1. Go through the range 245-286 and give me each residue that's hydrophobic (A, V, I, L, M, F, W, C), in a helix (DSSP H, G or I) and in contact with a Lys or Arg (Cβ under 7 Å, 6 or more places away or on another chain).
2. Identify, from the list 325, 253, 286, the residue that is acidic (Asp, Glu), surrounded by 16 or more Cβ atoms within 10 Å (Cβ to Cβ) and over 30 Å from residue 181 (Cβ atoms).
3. From 9, 24, which residue is part of a strand (DSSP E or B), modelled with pLDDT of 95 or more and crowded, with 18+ Cβ neighbours inside 10 Å?
4. Between a first residue in the range 115-126 that is touching a residue at least 60 places away in the same chain (Cβ under 8 Å) and a second residue that is aromatic (Phe, Trp, Tyr) and surrounded by fewer than 21 Cβ atoms within 10 Å (Cβ to Cβ), which pairs have beta carbons less than 9 Å apart while being 6 or more apart in sequence or on different chains?
5. Could we say that residue 181 is under 24 Å from residue 84 (Cβ atoms), in a strand (DSSP E or B) and in contact with a Phe, Trp or Tyr (Cβ under 8 Å, 6 or more places away or on another chain) here?
6. Answer yes if at least one residue in the range 227-235 is among the charged types (D, E, K, R), touching a Pro at 6+ places or on another chain (Cβ under 8 Å) and either farther than 20 Å from residue 138 by Cβ or not in a strand (DSSP E or B) (or both), and no otherwise.
7. Among what's in the range 322-354 and is modelled with pLDDT under 95, out of contact with any strand residue (DSSP E or B) (no Cβ under 7 Å at 6 or more places or on another chain) and in a loop (DSSP other than H, G, I, E, B), pick the residue that is farthest from residue 272 (Cα to Cα).
8. Which one is surrounded by the fewest Cβ atoms within 10 Å (Cβ to Cβ), of the residues in the range 299-321 that are among the basic types (Lys, Arg) and at pLDDT 95 or above?
Amino acid sequence: MRSDANILVTGGAGFIGANFIRYVLALPGFKGRVINLDKLTYAGNLNNLDGLGSRHVFVKGDICDYRKVLGLLRRYKIACVVNFAAESHVDRSIHGPAEFVRSNINGTFSLLEAARAAWAGRKDVRFHHVSTDEVYGSLGKTGKFKETTPYDPRSPYSASKASSDHLVMAYHHTYGLPVTISNCSNNYGPYHFPEKLIPLVILNALEGKPLPVYGDGMQVRDWLYVVDHCAAIWRVMNKGRTGQTYNVGGNSEMANIDVVKGICAALEKFQPSCCNALLKGKKYAELITYVKDRPGHDRRYAIDFSKIRRELGWKPSVTFKEGLESTVVWYLGNSAWVRDVKTGAYRGWLKKNYSR
């Protein structure tokens, strides 16, 4: 991709999308513009985009709006689409799957059709689709997901992402669209919306609220620091082979209960519980509360990222302990962002629902 190429990022006001835009615009070799198309649903937050400068262009819109997407591709001479736009929370997909089908499947279809029309057979362009390890289903105590692992989604969310992955690859094989896909493990880091495990636990702990842990807490996830993920996506966009999928993992398998305990330890380090009046003399770890497991809860995910390491030279640079402490410090230092998020459209969900 040329250094002055313009990129269309969908869902760029969300957690990973906003971090990706910040990462790209900070690269010394990139001189193009980033056009950010986001519908601004409950998880989209313009505060995530503060201070990005004139090379960032925000456009409010829906990826299902084919004409709008096609117009942006043509107007800004887009050379690469990076699709982050998706409904992504498993609990929400269980309670209301319709929006997941609309956004994740129909929305991806709309983007693909627009790219096919705008690019008309060009090969110097790229459509990169960001997906999840959840499409592979659940692992036993051993083994890791590879790019060749058969898809076996277990929730409406993962089924919708699996469907969109298949659509993307079908457009490559049928129409010759230059595509790549990345399937990542659980992301964490700055700007993470507080419905997911790590930010939810951090904020609940600081407010002296219960720290919900599903079932026995021994569900295992591989954790990937969001900036490492952004670096991997950029590498795939620029160096990855078209028509290929690349798994992106953090090499940090952790049981959920150990993640929660790690958050409590980091909070004790940077803002000790003895200094927090809301805890009324309790330690953060004393707030851990086991709750009924959710339906279809996958037991273990683990990513084999040897392909991207071998072909593109990428590997995670941040350990889980380093990333977790950095994340805790970010939330402690961004109370205004937290306040704005928690008083928005998401209000009420935290009281009744729990994290991934």
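1. Quick first cut of the range 245-286, residues hydrophobic (A, V, I, L, M, F, W, C) only: 248, 254-255, 257, 259-260, 263-267, 270, 274-275, 277-279, 285.
From the residues that got through so far, the ones that are in a helix (DSSP H, G or I) too are 257, 259-260, 263-267, 270, 274-275, 277-279, 285.
The answer is 285, and nothing else.
2. Details: 253 fails: over 30 Å from residue 181 (Cβ atoms); 286 fails: surrounded by 16 or more Cβ atoms within 10 Å (Cβ to Cβ).
None of the others qualify; the one that does is 325.
3. Values: 24 fails: part of a strand (DSSP E or B).
Testing whether each residue is part of a strand (DSSP E or B), modelled with pLDDT of 95 or more and crowded, with 18+ Cβ neighbours inside 10 Å leaves just 9.
4. 116/175
5. Numbers: under 24 Å from residue 84 (Cβ atoms): yes; in a strand (DSSP E or B): yes; in contact with a Phe, Trp or Tyr (Cβ under 8 Å, 6 or more places away or on another chain): yes.
Against the criterion (under 24 Å from residue 84 (Cβ atoms), in a strand (DSSP E or B) and in contact with a Phe, Trp or Tyr (Cβ under 8 Å, 6 or more places away or on another chain)), residue 181 qualifies.
6. Yes, there is a match, as at least one residue in the range 227-235 is among the charged types (D, E, K, R), touching a Pro at 6+ places or on another chain (Cβ under 8 Å) and either farther than 20 Å from residue 138 by Cβ or not in a strand (DSSP E or B) (or both).
7. For the range 322-354, the residue satisfying everything is 345.
8. Within the range 299-321, the first condition is being among the basic types (Lys, Arg), and the residues that meet it are 299-300, 307, 309-310, 315, 321.
Narrowing the set further to residues that are at pLDDT 95 or above leaves 307, 309-310, 315, 321.
Working: 307: 18, 309: 18, 310: 9, 315: 16, 321: 12.
For the range 299-321, the residue satisfying everything is 310.
The values are calculated or read from the model by the stated rules, or taken from the named source; none is laboratory data. Treat the numbers as computed from the prediction; the structure is a model and nothing was measured. Note that each Cβ is placed from the backbone with ideal geometry, even for glycine, and that neighbours are counted across all protein chains shown.
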